[in-house]
1. When only alpha-carbon atoms are used, what values of Rg and Dmax, in angstrom, describe the range 132-199?
2. Taking 0.36 nm per intervening residue step and subtracting the Cα-Cα distance, what contour gain separates residue 256 from residue 107 on full extension?
3. How many nm separate the modelled label positions at residue 119 and residue 239, each set 7 Å beyond the Cα in the direction of the Cβ?
4. May I ask for the equivalent-ellipsoid semi-axes of the range 59-129, computed as the square root of five times each C-alpha gyration tensor eigenvalue and listed largest first in whole Å?
5. Within the chain, what's the longest stretch lacking GluC sites (Glu not before Pro) that sit in DSSP loops with no more than 12 other Cβ atoms inside 10 Å?
6. Using a Cα distance threshold of under 22 Å, what count of lysine pairs results for the range 199-338 when pairs must be 8 or more residues apart or interchain?
7. Take the Cα atoms of the range 289-344, find their three principal axes, and give me the spread along each one in whole Å, biggest first.
8. Work out how much length residue 311 to residue 325 would gain on full extension: take 0.36 nm times their residue separation and subtract the Cα-Cα distance, in nm to one decimal.
Amino acid sequence: MEQISKLLYKKNYFKGYLRSRLKKINQPDGSEKYHDFGILNPGIGTSNLGDLIIYDSVYGVLREVFPEDMFTNYPTQLHTSFDAKKMMSEKELLFVSGTNLLSSNLEDRNQWKVDNSHKRFLNNKVVLFGTGWWQYQENINKYSEKIYKKVLSKDVLHSVRDSYAAEKLHSIGLKNVVNTTCPTLWKLTPDKCKTIPTKRAKTVVTTLTFYHANEDQDYRMLKLLDDNYEKVYLWIQGMNDYHYYNKLNKGFKNIEFISPTIEAYNSILDSPDIDYIGTRLHAGVRALQRGVRTLILAVDNRALEIGKDVNLNVIKRENAEQALDFINNEYITDIKLPTENINMFINSLKKHIK
């Protein structure tokens, strides 16, 4: 029975391939009243609610730039059928809505499910919007270079979220790339930063990152928060964070769970007298968006690189005790946005559709 299932799967796969391969790809001719765009959305099929926080900001900006135009969402983290690739091929542009889905070896580290079969369908269609690199890596290999050079648009600027990602793409000759930082930070203007408290709160919300577990360092962070705040709320950004916490729990007295929904997290951030100190980057950024005093404990390259670029308040998780300085002293939030690059990127999109 299993063999029959495999044969049927392969038969249907190749039927889909041939059907889409033989179809003519219809391109917009410029006569349409509205533009027809696609969004390559990491929030579809995600197990990480941070992807939804990023998507929310990306979509908000796109709606401001293209208030009347059509957007259709397609997954990046799930494999797409040939029918879906054919549909994507007929979009004017396809915006990759953030996250750290770029890598130097797409055949192996493929958080973005893009491969050689996409080169025909996505040719010169894809626009990066606040994307970053998976982790620190070696040079981009030839397989990945060919895909990037084929699918990434040559006609508009691309937005990446840190200098490291920009340098990686520049290294293979893709020069139409600018560091705009993550779109989740774009609303953190000087006026917004002035509204964020400078002194400690009575309560704190925190996060864990199960896929970058370090039981010693994460326990030290939770113990420090448990000892220094009247109440500690733990938001479950990914389902496995809950199971990971149960491994760390050694009699914490003040920790209360926040359910794994954006709505529940927004609600606790809107409560009075609360700080954010945790390891999840975009949970920290959402806290800043809602006016909450924030410290992020970096577990990988993402928060460190963004922190260096825009003065985001980040320390290494291994230095968890440094959080005491943040807790007990005044801290002024002062995000330094790359406004010129952001404007260049937005203007590039506007010029493309005129």
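The values are calculated or read from the model by the stated rules, or taken from the named source; none is laboratory data. In this text, all values refer to a predicted model and were calculated from it rather than measured experimentally. Don't worry about glycine lacking a Cβ; one is built from the backbone with ideal geometry, like all the others, and counts go over all protein chains shown. Heads up: the accessible areas ignore ligands, DNA and RNA and are worked out on the full protein's heavy atoms, side chains in. Shrake-Rupley method; radii C 1.70, N 1.55, O 1.52, S 1.80 Å.
1. 15.8, 50
2. Values: separation 149, 0.36 × 149 = 53.64 nm, distance 4.11 nm.
Stretched fully, the residue 256-residue 107 segment lengthens by 49.5 nm.
3. Those two pseudo-labels are separated by 3.7 nm.
4. Numbers: eigenvalues 93, 47, 20 Å².
Sorted largest first and rounded, they come to 22, 15, 10 Å.
5. That would be 231-329.
6. 19
7. Principal-axis extents of the range 289-344 (Cα, largest first): 40, 24, 16 Å.
8. Values: separation 14, 0.36 × 14 = 5.04 nm, distance 1.68 nm.
Length difference between fully extended and current span is 3.4 nm.
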